[in-house]
Amino acid sequence: MAGLVARGRPARLLYLGDVYDSGTAAEFNDNYASVYGRQQRTTAPTPGNHDWPQHRVGYDPYWAKLTGRRPPDHYSFRLAGWQILSLNSEGPLDERAAQQRWLSRALSGPGDCRIAFWHRPRYSAGSHGDQEDVDPLWSAVRGKARLVLNAHEHNMQELRRRDGVTALIAGAGGHSHYPLNESDSRLAWGDARNDGALRLRLRPGRADWAFVAADGRVLRTRTATCRP
């Protein structure tokens, strides 16, 4: 998988959380640096539920060593005409939380050429199911973002468009597979058999995505357009 990603020479690699099992410093060194070391300086991270309990000794110092400062819990950057927002599904999510106040300001501009990513999905046809507590994140980005990217489920999913947003789950990074409810009417496409990753090609007003298996097979491709 790492070799496939490296050959694609991505401008950014989105780390969607969970270095496994406990988010320790040793796991970041053994499971991330040794595998995705070539991409770690272009990685945009967000913490997973396995990372967060020990983030002060694992996640925080690992990314701080690379960037020179503690990674913010939430942040945004621009790429190819899109605003990319990294959000934290593991911290406080109520409307008074700092993240929610920041997010309201970050989404104040017009259009929906935005991609938001966080770890636990609001909607899922996988074994974890819907994560209702992250609804404040979903509610904030609906109508303001075109794509939401999540992990948590150890499979790949494309959910049907809801509230103007297409949710993509890319959690098949190699630590076992979780089953899918293929009869879930919200599921546009899913794969619970292959290890794989999500590839995004961005240009102003358009995003092309592909779910790619670890052996290089393209499993699913689609396109989204947005309003600048």
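The values are calculated or read from the model by the stated rules, or taken from the named source; none is laboratory data. The structure presented is a predicted model; accordingly, all values stated were derived computationally and were not measured. Cβ placement follows ideal geometry from the backbone for every residue including glycine, while neighbour counts extend to all protein chains displayed.
Taking the range 155-171 as the range and being more than 11 Å from Trp189 (Cβ to Cβ) and either in contact with a helix residue (DSSP H, G or I) (Cβ under 6 Å, 6 or more places away or on another chain) or of a type in the set (Asp, Glu) (or both) as the test, only Asp163 passes. Residue count for the range 186-201 under the criterion of being in contact (Cβ under 8 Å) with a residue 40 or more places away in the chain, surrounded by fewer than 19 Cβ atoms within 10 Å (Cβ to Cβ) and farther than 19 Å from Ala125 by Cβ: the result is 1. Close Cβ contacts (under 7 Å, 6 or more residues apart or on different chains) running from residues in the range 163-180 that are crowded, with 21+ Cβ neighbours inside 10 Å to residues that are of a type in the set (Ser, Thr, Tyr) comprise Ala167/Tyr123; Ile169/Ser124. Residues in the range 73-85 that are modelled with pLDDT of 95 or more, in a loop (DSSP other than H, G, I, E, B) and within 16 Å of the chain's Cα centre (by Cα): His74 only. Scanning the range 3-31 for residues that are in a helix (DSSP H, G or I) and surrounded by 18 or more Cβ atoms within 10 Å (Cβ to Cβ) returns Val5, Glu27, Phe28, Asn31. Residues in the range 49-59 include none that are surrounded by 20 or more Cβ atoms within 10 Å (Cβ to Cβ), of a type in the set (S, T, N, Q), closer than 25 Å to Val148 by Cα and under 17 Å from the mean Cα position of the chain (by Cα).
Can you say whether Arg70 is in contact with an Asp or Glu (Cβ under 9 Å, 6 or more places away or on another chain), over 26 Å from Phe211 (Cα atoms) and not hydroxyl-bearing (Ser, Thr, Tyr), as far as the supplied structure shows? The answer is yes for Arg70.
Restricting attention to the range 56-106, the residues being without any contact (Cβ under 8 Å) to a residue 40 or more places away in the chain and of a type in the set (S, T, N, Q) number 5. Trp63 fulfils the conditions (1) at pLDDT 95 or above; (2) more than 23 Å from Arg120 (Cβ to Cβ); (3) in a helix (DSSP H, G or I) except for a single criterion, (2). Among the residues making up the range 2-51, those that are in contact (Cβ under 8 Å) with a residue 24 or more places away in the chain and on the phi > 0 side of the Ramachandran plot are Gly17, Asp18, Tyr20, Gly23.
Considering only residues in the range 76-127 that are touching a strand residue (DSSP E or B) at 6+ places or on another chain (Cβ under 7 Å) and on the phi > 0 side of the Ramachandran plot, the one that is surrounded by the fewest Cβ atoms within 10 Å (Cβ to Cβ) turns out to be Gly81. Scanning the range 202-228 for residues that are among the charged types (D, E, K, R) and in a strand (DSSP E or B) returns Arg203, Arg206, Asp208, Arg220, Arg222. Just to be sure, is Arg70 outside any strand (DSSP E or B) and surrounded by 13 or more Cβ atoms within 10 Å (Cβ to Cβ)? Yes; evaluated as a whole, the condition is true for this residue.
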